[in-house]
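Just so it is clear, none of the values below were taken in a lab; they were calculated from the coordinates. Note that the structure is predicted; figures quoted are calculated from it, not measured. Cβ atoms come from the backbone with ideal geometry, glycine included; neighbour counts cover every protein chain shown.
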Amino acid sequence: MHGFSNLLIPAVLFFALGFLARVVRSDLRFPPDLAKALSIYLLMAIGIHGGVELGRANLLTAVHAVFWAIMLGLLLPVLAYVVLVSSRRVDALNAAAIAAHYGSVSAGTFMTAKAYLESNGILYEMYPVIMLAVMESPAIVIGLLLAGWSRRRLGIASDDARTAAEGRHPSGILREAFLNGSVVLLAGAMVIGAVVAPTRMAALHPFVNDIFMGALCLFLLEMGMEAALRIGEFRRMGVALALFGVLMPLVGALIGALVGGIALSFGVGGTTMVAVLAASASYIAVPPAMRLAVPEANPSLYITLSLGITFPFNVIVGIPLYHRLAEAIVGAWV
Amino acid sequence: MHGFSNLLIPAVLFFALGFLARVVRSDLRFPPDLAKALSIYLLMAIGIHGGVELGRANLLTAVHAVFWAIMLGLLLPVLAYVVLVSSRRVDALNAAAIAAHYGSVSAGTFMTAKAYLESNGILYEMYPVIMLAVMESPAIVIGLLLAGWSRRRLGIASDDARTAAEGRHPSGILREAFLNGSVVLLAGAMVIGAVVAPTRMAALHPFVNDIFMGALCLFLLEMGMEAALRIGEFRRMGVALALFGVLMPLVGALIGALVGGIALSFGVGGTTMVAVLAASASYIAVPPAMRLAVPEANPSLYITLSLGITFPFNVIVGIPLYHRLAEAIVGAWV
Amino acid sequence: MHGFSNLLIPAVLFFALGFLARVVRSDLRFPPDLAKALSIYLLMAIGIHGGVELGRANLLTAVHAVFWAIMLGLLLPVLAYVVLVSSRRVDALNAAAIAAHYGSVSAGTFMTAKAYLESNGILYEMYPVIMLAVMESPAIVIGLLLAGWSRRRLGIASDDARTAAEGRHPSGILREAFLNGSVVLLAGAMVIGAVVAPTRMAALHPFVNDIFMGALCLFLLEMGMEAALRIGEFRRMGVALALFGVLMPLVGALIGALVGGIALSFGVGGTTMVAVLAASASYIAVPPAMRLAVPEANPSLYITLSLGITFPFNVIVGIPLYHRLAEAIVGAWV
Amino acid sequence: MKRLCPEKLLAIIGPSALTETLTDMLRRNGISGYTLLQASGAGTSGPQTGMLDIDSNIMLYVILSEERVPALLDEIERLMRKGHHLKAFVSDAAVLAIE
Amino acid sequence: MKRLCPEKLLAIIGPSALTETLTDMLRRNGISGYTLLQASGAGTSGPQTGMLDIDSNIMLYVILSEERVPALLDEIERLMRKGHHLKAFVSDAAVLAIE
Amino acid sequence: MKRLCPEKLLAIIGPSALTETLTDMLRRNGISGYTLLQASGAGTSGPQTGMLDIDSNIMLYVILSEERVPALLDEIERLMRKGHHLKAFVSDAAVLAIE
Ligand SMILES: Nc1ncnc2c1ncn2[C@@H]1O[C@H](COP(=O)(O)O)[C@@H](O)[C@H]1O
Ligand SMILES: Nc1ncnc2c1ncn2[C@@H]1O[C@H](COP(=O)(O)O)[C@@H](O)[C@H]1O
Ligand SMILES: Nc1ncnc2c1ncn2[C@@H]1O[C@H](COP(=O)(O)O)[C@@H](O)[C@H]1O
Ligand code: NA
Ligand code: NA
Ligand code: NA
């Protein structure tokens, strides 16, 4: 079960195919609306999935899991910010924007991990799905607070954060964090999944579950192309920063695995999932929020890091690694 | 079974989620081609569904149902036109264009009603699916005749109706009514469903039936956003006209329930469906036809009424109401 | 089983519906990205399907089938080129571009044939799926070689072929043939299907198999509209050339049926499939390759021929015909 | 630049329901080339979100010589007078011509 | 051509995340008509492939009279000074007016 | 308006198969910014419905200074002489510049 034969799961291979297609400069072209449609479908499906699980979850464990999700969402960006600022590779505002991405999560990575565990017959707790839905928002809030703090440090007019989103987002930071499109879709679908009677949810099963893995493969094919396009940009941004895109997930995974295995007492599967959540960086929800509220930051930095470096690293190398880490921690603890 | 717990079905909740997302000004964004793709899929699926049912229907009842569908399609627009003109809130040409929408049907509302009945374990006859396919065209024809008649009353050059579609639609009115894209797709799929041997249709079952409810939820999520965008416009158009968007479906539902329960002797499920058909207003097939052939009418009036007022009213309030109405009528009659 | 009742399969009827919709000038409109999404889905699905079969195929027969696929891909374009040049209806460069299309294959036609065989309960070998994936590239290579040769004959600067794709395709012809988007997707999916353990592929089954036929019907609906749009162009291009679009598939089918029935000893089903491969002309992979590398040729000629004439001819008339041809050849041989 | 030929660029914005009406109009006026973009927008006829066929716009570009412009404007004006919601504007374009 | 009214065409290119910010800006300036196109592209902020919401662009067209241009440019400039990645340009357009 | 800098807007329309050829051409000429729109259309090379990759067009916009225009036109002309179906035109644009 060990070794890279673990990687021979369709989701990872389609990611690799897309990556390769772009690297060899194939003219394979995805229609833009297909990528967007697939990401909406995946958020809806995973939200419902999580909601159904939440509906039959142990309430105490669920609250426990949500608490730790929020903790991770608050802690990881601060950690990332401190590392980035002290590395002196980026200014404080770019550091804040990047940090927010690493406190949030990548649903694509999470679902690949799910496919990986299922492929290997490893059971996992469902609480991490709930954590996934919860973790998007705190990281955005912290990112915006860090940006506001950096602006004050840099002497930029403090009302800027407010006016940055003027006309549209009067109540500013919280609005940005909780009304973000993917947060609304994921959380909304989760509520629907939790609230509707299971017999009535059954009609959604083929759409939300049966064709899920195929749609994920198609999505990852596309994301492979996106990642390959961006990985080339890392030269422009310097090796030190690119290294951050690899080291930060490792640190995140360790913290996540400790939270999953020890604080939450999950098994190997669930612990792997929490490690993956902590290790992954958002490339759906956070970038638009940062675009709007931290316009001073350079989008190509945070998109290249999260989509071009951390995402492929996690999908190809990270997941099996975090799985072993989870085995070690759960094994040591038991 | 009574009470608003009935509304806890996924289709309605996804509609509400989309509505809410827009109301709170979330930046949830649908790719434009996804909405269009879903409406094509739904028309195809419902057409096939209806066709398969038609293939095993009692011919006499089917002819009977078609006759009443045509009657409703002819009667309702005339009723709506008279009400609108005598209300003096819109001119005769706008009245004609709006009236056509209320004689036609909304496939989205119909499918939500279907989901509602199935969720509540209520059986229903399949003839209403055939009626759905039939009802689009007569309403368009009557709408165009009413517009022509209004133009003559208003002293507008009578050849206008012909030249309005010049170059493209030589044979005018009938062409507009029967070659409308969604009419062709729905009727075509129905013919295919009726004509092909059931064993050969089986291969389409997973696509057309199994994933249907999920696709409907995604579509309604999107339509919820559309409806919320337009409901705000109702202030511009005046309360009286907005009231029409709520009262007309109630009147339509009553007429439809009488047709379904008495003229067609359907059970509670089938009667509810006919009421829904009569109550609903088109927002797919009729608007483009009116755009082309009654350019004098203001599209924002008829789109706001059908998509922004009548559609959410029917989905949230109307369907359970029409269900009780059907119970009352069928109960009284039996 | 004989006679045109064979045509009453959904895939063919949806093609006819699309065709008809355009002929009667219905305003049925497909969102552009839906067509592209469906063709990506179909290539992915058929690739995986073929790969899974390849994974359990007899290696010797597979090698045998690949050999003959390459032979057909090399032979048919040369034949088409000679016929076209000697007909004097098009110049040598147009002949080369058209010829490449007829050496390649149409996945849409192939899948319709698959639906036809399954609908009629006819068993078929899976090797033709492998041949489908293999046949795209050789035809492109030959097409480009024929174009280069034509240019030399016409006295056009011989380095033109190289510079035609300058900046992007340094290694020229082979790159064009093997890195073509649809070749990469089809071959990549096939490798994934062959390499991954069957238990792990199972999760993809609903997406790749169950909803396949419905997605194919939707795709063919759209292709019917495309074909109808182009069939009108055949008057511009002259009857002789249009005739080529009907005769070349017949010749191709004969050669293909001989290869399938005799050289490869397939049964009636498999032989029909090979005939269909040889008879069909590409309208996905080859046109962009020719656009880039043989810009002197007129795209409306080769697209009209392959999509507007040969494709509908094969779908409506060809497939049942090739089926009987296969019966005759296999019957005579056994 | 001699190879740049001064022509006009006519842009027409309107509901996608008018696509065929407009392209037929071009054909009738002997113009066989045009470029079509899918659009959304807003105006006096309300929001056009581009989500359904009923509320999608198109943007049609036609490159043409100055003398062909008036005939097309006549027809567009006629459509607008009938009530169709169209926006049309003309601007200068220097078009690359070979030979 | 008397019916052609000289106006300005303002084009704004930017990330789709700014769509509402920009249309709200128009509304605040009393402009209720605009046309919106989905776009991809590239620039100093990296490639914008158009595949995800995060890397899609929009192209916004506004036809308006010359005197309304400066106020809008002020606002766009303010957004750009804050760091937003926008391209804006103005050109002449002769707009078909009826009556 | 001093902040409006007079530049040129180069628009290129062609089959989407040429996308990379054209963006590579820009890169080779030191131009890293462009905006790309999906289009359909019709012309001498037949209808381009936009339904499949084979019959989709792109519309490429490049804002650039006047002196960079000729080199690009040379390359586009070369592509057109080889037979590629492209339309290219140049117009004036007053581009908002900050600082
Ligand atoms: N001022 C404007 N600038 C750009 N586009 C406009 C403008 N006004 C209207 N449009 C476009 O034209 C369409 C029809 O406009 P209207 O007739 O005002 O409803 C709108 O949906 C917009 O796409
Ligand atoms: N020179 C240019 N010509 C046309 N569009 C451009 C140009 N530069 C940038 N853009 C567009 O503006 C967007 C933002 O540009 P930038 O701020 O340079 O990242 C890009 O994604 C392009 O769509
Ligand atoms: N007169 C024109 N106005 C606008 N776009 C055109 C015109 N002629 C051609 N095009 C566009 O350029 C593409 C190629 O044209 P052609 O080389 O004539 O086939 C067409 O598909 C259209 O999108
Ligand atoms: Na994380
Ligand atoms: Na009705
Ligand atoms: Na062939």
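The table below gives the values:
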quantity	calculated
Candidates D:Ser16, D:Ser56, D:Ser32, ranked by Gaussian network fluctuation over chain D, Cα under 10 Å, top entry	D:Ser32
For the B-to-C rotation axis, chain B residue with nearest beta carbon and its distance in angstrom	B:Asp33, 2
Residue-by-residue Karplus 3J(HN,Hα) for segment C:314-327, coefficients 6.51, -1.76, 1.60, Hz, glycine and proline x	5, 5, 8, 9, x, 4, x, 5, 5, 4, 5, 4, 4, 4
Segment F:2-31 versus segment A:29-76: alpha-carbon centroid distance in Å	41
GNM flexibility winner over chain B from B:Asp27, B:Asp91, B:Asp210 (Cα, springs under 10 Å)	B:Asp27
Highest-fluctuation residue, A:Thr271, A:Thr61, A:Thr109 considered, GNM on chain A with Cα pairs under 10 Å	A:Thr61
Mean residue ellipticity (222 nm) of chain B, computed from DSSP H runs ≥ 4 via -39,500 (n - 2.57), nearest 500	-22500 deg cm²/dmol
Rounded to whole Hz, the Karplus (6.51, -1.76, 1.60) HN-Hα couplings of segment A:247-255, x for glycine and proline	6, 4, x, 5, 4, x, 4, 5, 4
Chain F - percent relative contact order, Cα under 8 Å, separation 6 or more	48
For C:Asp27, residues with placed amide H under 5 Å, excluding near neighbours	B:Gly181
Pairwise centroid distance, computed over Cα atoms, of segment B:282-334 with segment B:189-210, Å	29
Label distances, nm, F:Glu66 versus same residue in remaining copies, Cβ-directed 7 Å point	1.9, 2.0
Copy-to-copy label separations for B:Arg152, where each label sits 7 Å from Cα toward Cβ, in nm and ascending	7.7, 7.7
For B:Ala228, net neighbour charge (Lys/Arg +1, Asp/Glu -1) across residues whose Cβ lies under 15 Å away	-1
E:Ala97 versus A:Leu79: modelled label distance in nm, points set 7 Å from Cα along the beta carbon direction	6.4
Radius of gyration and maximum dimension Dmax of segment B:87-154, Cα, Å	16.2, 52
The protein assembly as shown, dipole about Cα centre (Lys/Arg Cβ +1, Asp/Glu Cβ -1), debye to the nearest 20	740
Exposure proxy ranking, count of Cβ atoms within 10 Å, fewest first, for B:Phe234, C:Phe110	B:Phe234, C:Phe110
Binned Cα-Cα distance frequencies in segment E:3-97 - 5 Å width, integer %	3, 13, 24, 24, 17, 11, 6, 2, 0
Cα centre as origin, Lys/Arg/Asp/Glu Cβ charges: chain C dipole, Debye	520
Members of D:Lys82/F:Lys8; E:Lys87/F:Lys82; A:Lys36/E:Lys87; A:Lys114/E:Lys87; D:Lys82/E:Lys87; E:Lys8/F:Lys87 lying beyond 31 Å, as alpha-carbon distances in this model show	D:Lys82/F:Lys8; E:Lys87/F:Lys82; A:Lys114/E:Lys87; D:Lys82/E:Lys87
Order of A:Ser106, A:Ser87, E:Ser45, C:Ser280 under a 10 Å beta carbon neighbour criterion, fewest first	A:Ser87, E:Ser45, A:Ser106, C:Ser280
Hz values of 3J(HN,Hα) by residue in segment A:132-139 - Karplus curve (6.51, -1.76, 1.60), Gly and Pro given as x	4, 5, 7, 6, 5, 6, x, 4
Likely footprinting exposure, A:Leu20, A:Leu28, B:Leu218, fewest C-beta neighbours within 10 Å first	A:Leu20, B:Leu218, A:Leu28
Segment B:2-333: C-alpha gyration tensor shape, a/c 1.5 cut-off, then a/b vs b/c	rounded
Position E:Arg27, label points 7 Å along Cα→Cβ, spacing to each other copy in nm (shortest first, one decimal)	4.1, 4.1
Where Rh is the Kirkwood radius over Cα pairs, Rg/Rh for the protein assembly as shown	0.95
